[in-house]
Amino acid sequence: MLSQESLALIDKEIAKYPPEHKQSAVMGALRIAQAEKGWLATETIEYVADYLGMPPIAAYEVATFYNMYDLKPVGRNKVTLCTNLPCQLQGADKIAEHMKAKLGVDFGETTADGRYTLVEGECMGACGEGPLCLHNNHKMHSHLTPESLDKLLDDLK
Amino acid sequence: MSTKVCMWTLDHPEPASLKTYVANGGYEALKKVLAEKMPAEQIIEQVKISGLRGRGGAGFPTGLKWSFMPRQFPGDKYIVCNTDEGEPGTFKDRDILRFNPHQLIEGMVIAGYTLGARAGYNYIHGEIFELYESWEQALEEARAAGFLGKNICGSGWDFDLHAHHGYGAYVCGEETALLESLEGKKGQPRFKPPFPASFGLYGKPTTINNTETLASIPWIVRHGGQAFLELGKPNNGGTKIFSISGHVNKPGNYEVGLGTPFAELLEMAGGVRTGHKLKAVIPGGSSAPVLPAEIMMDLTLDFDAIAKAGSMLGSGAVIVMDDSVCMVKALERLSYFYFEESCGQCTPCREGTGWMHRVIKRIEHGEGRPEDLDLLTSVGHGIAGRTICALGDAAVGPVQSFIKHFRKEFEYHIEHKKCMVGN
């Protein structure tokens, strides 16, 4: 279900917590599983729950509560743009329009070729560098301009 | 040059490195504490003298919080650092992880020693995942150098720290939601009491402090509480990192003594965007009530002065808005945020945040009704003070203050179906 590499990473997360509290590793484990699979299918969540010895429903609650977990397939490149007030004041609305026009999709949609998914994000805690976006949850790109965004999107295959 | 408690490493070529930290007195406070077997009471006393107040938003005195821990009782205890920095406008803790990770580690180890903790966790905002990874590397460096793990500095004392990441939930910045999340559950706040000092992580006594708070501890131990207090002003000790965003020429973090005039900070940030005038400022993160320019320009930045002016210092996130901003549109975006991030546990917040957002949205889009401002006030009264955590109050604060100070703009929107600012 998950690769040996992913399981080894999950084991490192488990080791951070007291042995009787393996459930604490569920957020890390779901993140690792999602990174391998691209998104979290119900059977992936159940597998993670089983690996951690917790009820599947408890893992499902976590996967549905935190918005960086994807419960349906996304494009190869998920681009999450913060549009909250500080970023908005610094020009995020224009970046959002530019991005939607360039890719021909709205927030929450995936391009037909499966290359990009656009997501409207909430505060990422880096407002001084806004407008900014996250690529596939983990890589932040800041000080976006229409030009730098074009280059970023073109580079994401 | 003014003293920097947290951001001093930026004056060095490799700010985040262990080498830079140690070469400039880093981990000396920890060594002193362990070599002298410094009594916990003595450390807590110095933190009390320092006037250090929580840097995450609530401004609770840190020394007092530490004194609540039942240190003398046997059993596991924990220290938890709150780096779940997701309050719109706030981005200071990210820079502590980025530029001075070891000072946070040293602060957490000293806190662990003082409070008798068996381990500590740092809960890091999921969106800054790159810093979760780099902080784990810093932990490895600290372990290899003997500042963390078994037999710290040859003292025979064992203590370890771990990083835990969020994954997109603002509410987890609330300390009991954070604990739930750390236990591997959805992040819904707990009823208080019991408070974390008696029933915290895994039901054990736990102290939760903000990143900047904990990173200030080594400085206080090295230089004494009185010296820290004198960096700020009475009851508002120390320096504070202010995160300035919005319509300034140089958005970013600026560390200055508490009590610094706002006008001075604005100048450091390059002033208001060229060609525009200051209109309004949210002085302490999106949950803090907005203040008009004329009030703000006369204020000093400290907990007491901002509270007296009807807002709060909060996390020190200063959102600057110039005369091009439509206050209805700005509030629409903020109200959407609270609606989106309400955890859904308490009915007044779950239903009320969506209700407020829908009403503000219709005003912004020219469909407002004459009774809408009274309606917003009434919905706000139905939320504030009636929820388990402060997210409900945080959602109401902006709505009430925007309407209070900029009522004319809202009325104009309702009456004329368009914006008086004209963008």
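Before moving on, here are some points about what is shown:
- As a length-normalised measure over Cα pairs under 8 Å and 6 or more apart, the relative contact order of segment B:244-317 settles at 31 percent.
- Computed over protein heavy atoms with a 1.4 Å probe, the carbon and sulfur contribution to the accessible area of segment B:75-134 reaches 43%.
- Förster radius 56 Å - calculated FRET efficiency between B:E415 and B:T3, Cβ distance, rounded to 0.05: 0.60
- Summed buried accessible area for B+A [probe radius 1.4 Å, Å², rounded to 100]: 4000
- Above-threshold pairs, the threshold being 31 Å between Cα atoms, out of A:K37/A:K100; A:K72/B:K240; B:K31/B:K240; A:K72/A:K139: A:K72/B:K240
- For segment B:181-188, backbone phi angles converted through the Karplus equation (6.51, -1.76, 1.60; θ = phi - 60°) give residue-by-residue couplings of 4, 5, 7, x, 10, 5, x, 9 Hz, Gly and Pro being listed as x.
- 0 to 90° range, to nearest 10: angle between helix B:391-416 axis and chain B longest Cα axis: 20
- Scoring B:378-386, B:71-79, B:96-104, B:236-244 by mean Cβ neighbours within 10 Å over their residues and listing the highest first yields B:236-244, B:96-104, B:378-386, B:71-79.
- With 20 Å² as the minimum drop in accessible area between chain alone and full protein complex (1.4 Å probe), the qualifying residues in segment A:8-27 are A:K16, A:Y17, A:P18, A:H21, A:Q23, A:S24, A:M27.
- C-alpha center-to-center spacing [segment B:157-235, segment B:38-101] in angstrom: 6
- Shielding value for B:203-210 is 0, the average number of Cβ atoms from other chains within 10 Å of each residue's Cβ.
- Nearest-ten-degree value, helix B:372-383 long axis tilted from longest Cα axis of chain B: 30
- Solvent exposure of segment B:296-394 as accessible area per residue, Å², 1.4 Å probe: 38
- Between the helical axis of B:101-115 and the longest alpha-carbon principal axis of chain B there is an angle of about 70 degrees.
- Magnitude of the charge dipole for chain B, about its Cα centre and with charges confined to Cβ atoms of Lys, Arg (+1) and Asp, Glu (-1), is about 520 debye.
- Partners of B:K404 within straight-line reach, counting lysines whose Cα lies under 22 Å from its Cα and excluding those fewer than 8 residues away in the same chain: B:K277, B:K279, B:K308, B:K329, B:K361, B:K417, B:K418.
- The length gained by stretching the chain between B:R143 and B:D76 to full extension, at 0.36 nm per residue less their Cα-Cα distance, is 22.0 nm.
- Residue by residue along A:84-96, Cβ atoms of other protein chains within 10 Å of the local Cβ number 6 on average.
- Distance between the modelled labels on B:L375 and B:K32, one decimal in nanometres: 6.1 nm (7 Å Cα→Cβ projection).
- Nearest-0.05 FRET efficiency for B:H162 and B:D298, computed from C-beta distance (R0 56 Å): 0.80
- Comparing each chain alone with all protein chains together (probe 1.4 Å, DNA, RNA and ligands left out), the residues of segment B:117-135 losing at least 50 Å² of accessible area are B:E127, B:F129, B:E130.
The values are calculated or read from the model by the stated rules, or taken from the named source; none is laboratory data. Every value quoted in this text rests on a predicted model; they were computed, and no experiment measured them. Counting neighbours? That spans all protein chains shown, and the Cβs are built from the backbone with ideal geometry, glycine included. In case anyone asks, the SASA skips ligands and DNA or RNA and just uses the protein heavy atoms, side chains included. Shrake-Rupley method; radii C 1.70, N 1.55, O 1.52, S 1.80 Å.
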